[in-house]
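> Take this structure first; my questions come after.
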Amino acid sequence: MHDVRPDDFIIFTDVAKSFQIGTQQYTAIRDVTMSIKRGEIAMLLGPSGCGKSTLLNLAAGLIGPSAGQVVYDGALIAGLNAKVAYMTQQDHLLPWRTVAGNIAVPLEVAGLPRRAREARLDELLTLVGLTDFAKSYPNQISGGMRKRCALARLLAANRETLLLDEPFSALDAQLRLTLQAELLRICRKLNLTVMFVTHDIEEAAGLGDKCAVFQGRPGKIAKVFDNPLPKERDLMRLRFDPRHHAFTNELWATLTPDLQPPVSSPIALTA
Ligand SMILES: Nc1ncnc2c1ncn2[C@@H]1O[C@H](COP(=O)(O)OP(=O)(O)OP(=O)(O)O)[C@@H](O)[C@H]1O
Ligand SMILES: [Mg+2]
């Protein structure tokens, strides 16, 4: 059982969530117990439909648990959680605003003066590599660019916790790695707490300080792993690190217990 400390920052205790669909009660997750410390990056890894987004919705206070409790910074979450910035699985960019206009929304809501707003906007556009597309509209840019735009808008909100639902899923491998490294740098610098949903085992093993592997429907946590690597890690060099390989293999084995080959089987397929 995952070690849950009462002074942890985000704590799920015996959480279940059911939805009423017509006359049927459908249980999305059950018995979810895990906790996240302030400044930690927690990855949620598991197959489609096992309840990863549901867990983020609970942390955001968009929905409440059917059983158990969700505590954020010492208090039960009741209603919307204004301490988090949430990048949902759909990017929800505003089609009538340009890339720059979308990223500026939280800056405008926060009432930043024009000069400060423009300076911050420039920083964020550079960060996600969208300066040349600042004036484009969401329907004129690629799926990966939309993700980067949504990420910049999320960072503009300046919250202590990020909820990220597959934020890098539409990106090519190089850009993905660059943005992962950038996210890691920003999170460490600002001591941000992150809940990050992914299907990608490499991404989970690289970015996560801890990684909750989900299984089944209703979804439940099979195991929560702590990353053996230190918090300051160079994502560009991970593929040379045997500790990273061992960790990735552990995640694989937990995620796909039925697909594990016998230890003695050869890697090459014989004709
Ligand atoms: N508002 C809702 N009403 C009814 N059922 C829901 C609702 N939200 C989620 N569910 C159901 O709960 C289950 C878990 O959904 P969830 O979106 O959390 O899965 P997921 O792990 O994020 O999947 P994916 O990887 O495909 O995004 C699914 O079967 C889904 O249909
Ligand atoms: Mg989801």
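The values are calculated or read from the model by the stated rules, or taken from the named source; none is laboratory data. Not measured: the values here are computed from a predicted model. We place every Cβ from the backbone using ideal geometry, glycine too, and count neighbours over all the protein chains shown.
> Considering only region 10-45, state which residues are more than 16 Å from ligand 2 (Cβ to nearest atom), closer than 26 Å to Thr248 by Cα and not β-branched (Val, Ile, Thr).
Selection gives Phe12, Arg30, Asp31, Met34, Ser35, Lys37, Arg38, Gly39, Glu40.
> Follow-up. Kindly indicate whether Glu182 is surrounded by fewer than 19 Cβ atoms within 10 Å (Cβ to Cβ), closer than 25 Å to Ala60 by Cβ and away from ligand 2 (no atom under 16 Å from the Cβ).
The answer is yes for Glu182.
> Which residue is surrounded by the fewest Cβ atoms within 10 Å (Cβ to Cβ), if the candidates are limited to region 87-105 and must be within 16 Å of ligand 2 (Cβ to nearest atom) and assigned to a loop (DSSP other than H, G, I, E, B)?
Per the stated criteria, the residue is Gln90.
> How about region 25-71: which of its residues are surrounded by fewer than 17 Cβ atoms within 10 Å (Cβ to Cβ), near ligand 1 (Cβ under 7 Å from one of its atoms) and part of a strand (DSSP E or B)?
Tyr26, the sole residue that qualifies.
> Between a residue in region 162-176 that is more than 17 Å from Leu55 (Cβ to Cβ) and any residue that is assigned to a loop (DSSP other than H, G, I, E, B) and of a type in the set (Phe, Trp, Tyr), which pairs come within a Cβ distance under 8 Å, given they are 6 or more apart or on different chains?
Pairs that qualify, where the first residue is more than 17 Å from Leu55 (Cβ to Cβ) and the partner is assigned to a loop (DSSP other than H, G, I, E, B) and of a type in the set (Phe, Trp, Tyr), are Arg176/Phe168.
> Further question: Would it be correct to say that Asp165 is over 22 Å from Arg188 (Cα atoms), in contact with a helix residue (DSSP H, G or I) (Cβ under 7 Å, 6 or more places away or on another chain), of a type in the set (Asp, Glu) and surrounded by 13 or more Cβ atoms within 10 Å (Cβ to Cβ)?
Here the answer is no, as Asp165 does not meet what is asked.
> Working only within region 14-24, note down all residues that are in a strand (DSSP E or B) and not basic (Lys, Arg).
Of everything in region 14-24, those that are in a strand (DSSP E or B) and not basic (Lys, Arg) turn out to be Asp14, Val15, Ala16, Ser18, Phe19, Gln20, Ile21, Gln24.
> For region 196-223, name all the residues that are surrounded by fewer than 22 Cβ atoms within 10 Å (Cβ to Cβ), over 13 Å from the mean Cα position of the chain (by Cα) and within 30 Å of Gln25 (Cα to Cα).
Matches in region 196-223: Gln215, Gly216, Arg217, Pro218, Lys220, Ala222, Lys223.
> Another question, then. Among the numbered criteria (1) in contact (Cβ under 8 Å) with a residue 40 or more places away in the chain; (2) within 30 Å of Arg120 (Cβ to Cβ), which single criterion is violated by Gln90?
(1)
> Cβ-Cβ below 6 Å, separation at least six or inter-chain, first residue in region 43-62 and in contact (Cβ under 8 Å) with a residue 24 or more places away in the chain and of a type in the set (Lys, Arg), second within 12 Å of ligand 2 (Cβ to nearest atom) and assigned to a loop (DSSP other than H, G, I, E, B): which pairs?
Every condition considered, the pairs that remain are Lys52/Gly46.
> Further question: When you look at Phe240, is it more than 15 Å from the chain's Cα centre (by Cα) and crowded, with 21+ Cβ neighbours inside 10 Å, yes or no?
no
> Separate question: Does Glu160 satisfy being away from ligand 2 (no atom under 16 Å from the Cβ), closer than 30 Å to Tyr72 by Cα and acidic (Asp, Glu)?
Answer is yes for this residue.
> Can you confirm whether region 202-209 contains a residue that is within 16 Å of ligand 2 (Cβ to nearest atom) and modelled with pLDDT of 90 or more?
yes
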